[in-house]
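*Asks:* One structure, as structure tokens, below. Some questions next.
The values are calculated or read from the model by the stated rules, or taken from the named source; none is laboratory data. On a predicted model such as this, the values are computed, not experimentally measured, just so you know. For neighbour counting, all protein chains shown are included, and Cβ atoms are generated from backbone atoms with ideal geometry for every residue, glycine included.
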Amino acid sequence: MRLPILILFACALVICTLLVGADLTGRWTGTIAVDDTGSGTTITTQVHIEIQQKAEGLSGKIGRIEDQDVVPIKNARMDGDTLIFEAASDETTGPMKFSLKIAGDRMEGTMKGSIDSGDINGKVKLTREKSTASR
């Protein structure tokens, strides 16, 4: 009876180690979809994130695909299998807060913050781009 529990515990430990130890370095692209309550439509924006993961932590930049302007990612940290960070631009009244669950080469989650016209909430979906070395 103890052997199956020990095996189950060992498997869970290995899975947790793999999730926490995942290297997020690279270029991630995808969308942020925001419901516009004024018009009743959803505004979808193509975005890209460049992430560098080193022993001392995570850093990077985020921006729209069509723009050259990017803003730095701040206060980035891992919470289990979730990447949490903030980013602010001239268009926001404070930092936008991101919470993205990682599943292999995909991240999905939320973005919350505020702009001049009020609060903004978005759904974020990102996929890691394949490196040029593997193409």
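*Asks:* Hey, could you check region 27-43 for residues that are among the hydroxyl-bearing types (S, T, Y) and modelled with pLDDT of 95 or more and say which is nearest to I115 (Cα to Cα)?
*Replies:* Ranking the candidates gives T31 first.
*Asks:* Among the candidates I102, I115, I62, which residue alone is of a type in the set (V, I, T), within 28 Å of A22 (Cβ to Cβ) and touching an Asp or Glu at 6+ places or on another chain (Cβ under 7 Å)?
*Replies:* One residue alone meets the criteria, I102.
*Asks:* Could you please let me know if R135 is among the basic types (K, R) and modelled with pLDDT of 95 or more?
*Replies:* No: the conditions fail for R135.
*Asks:* Let me ask another. Would you confirm whether or not region 80-103 contains a residue that is without any contact (Cβ under 8 Å) to a residue 60 or more places away in the chain, in a strand (DSSP E or B) and closer than 12 Å to G30 by Cα?
*Replies:* No.
*Asks:* For region 109-128, state whether one or more residues are buried (at least 16 other Cβ atoms within 10 Å of the Cβ) and not in a strand (DSSP E or B).
*Replies:* No, that holds for no residue.
*Asks:* Just one of E129, E56, E108 is of a type in the set (D, E) and in contact with a His (Cβ under 9 Å, 6 or more places away or on another chain); which is it?
*Replies:* Testing whether each residue is of a type in the set (D, E) and in contact with a His (Cβ under 9 Å, 6 or more places away or on another chain) leaves just E129.
*Asks:* Restricting to region 42-79, give me the number of residues that are assigned to a strand (DSSP E or B) and hydrophobic (A, V, I, L, M, F, W, C).
*Replies:* Counting residues in region 42-79 that are assigned to a strand (DSSP E or B) and hydrophobic (A, V, I, L, M, F, W, C) gives 9.
*Asks:* Can I ask one more? Could you list, in sequence order, all residues of region 1-26 that are in a loop (DSSP other than H, G, I, E, B), loosely packed, with under 12 Cβ neighbours inside 10 Å and at pLDDT below 75?
*Replies:* M1, G21
*Asks:* Working only within region 88-107, note down all residues that are of a type outside the set (S, T, N, Q) and surrounded by 13 or more Cβ atoms within 10 Å (Cβ to Cβ).
*Replies:* A88, P95, M96, K97, F98, L100, K101, I102, D105, R106, M107
To keep it simple, each residue is scored yes or no on (1) within 22 Å of K130 (Cβ to Cβ); (2) touching a helix residue (DSSP H, G or I) at 6+ places or on another chain (Cβ under 8 Å); (3) hydrophobic (A, V, I, L, M, F, W, C).
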position	(1), (2), (3)
L24	yes, no, yes
T42	no, no, no
Q53	yes, no, no
G57	no, no, no
D69	no, no, no
K74	no, no, no
A88	no, no, yes
I102	yes, yes, yes
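*Asks:* So, in region 24-68, exactly how many residues are within 16 Å of the chain's Cα centre (by Cα) and among the small types (G, A, S)?
*Replies:* So the count comes out to 7.
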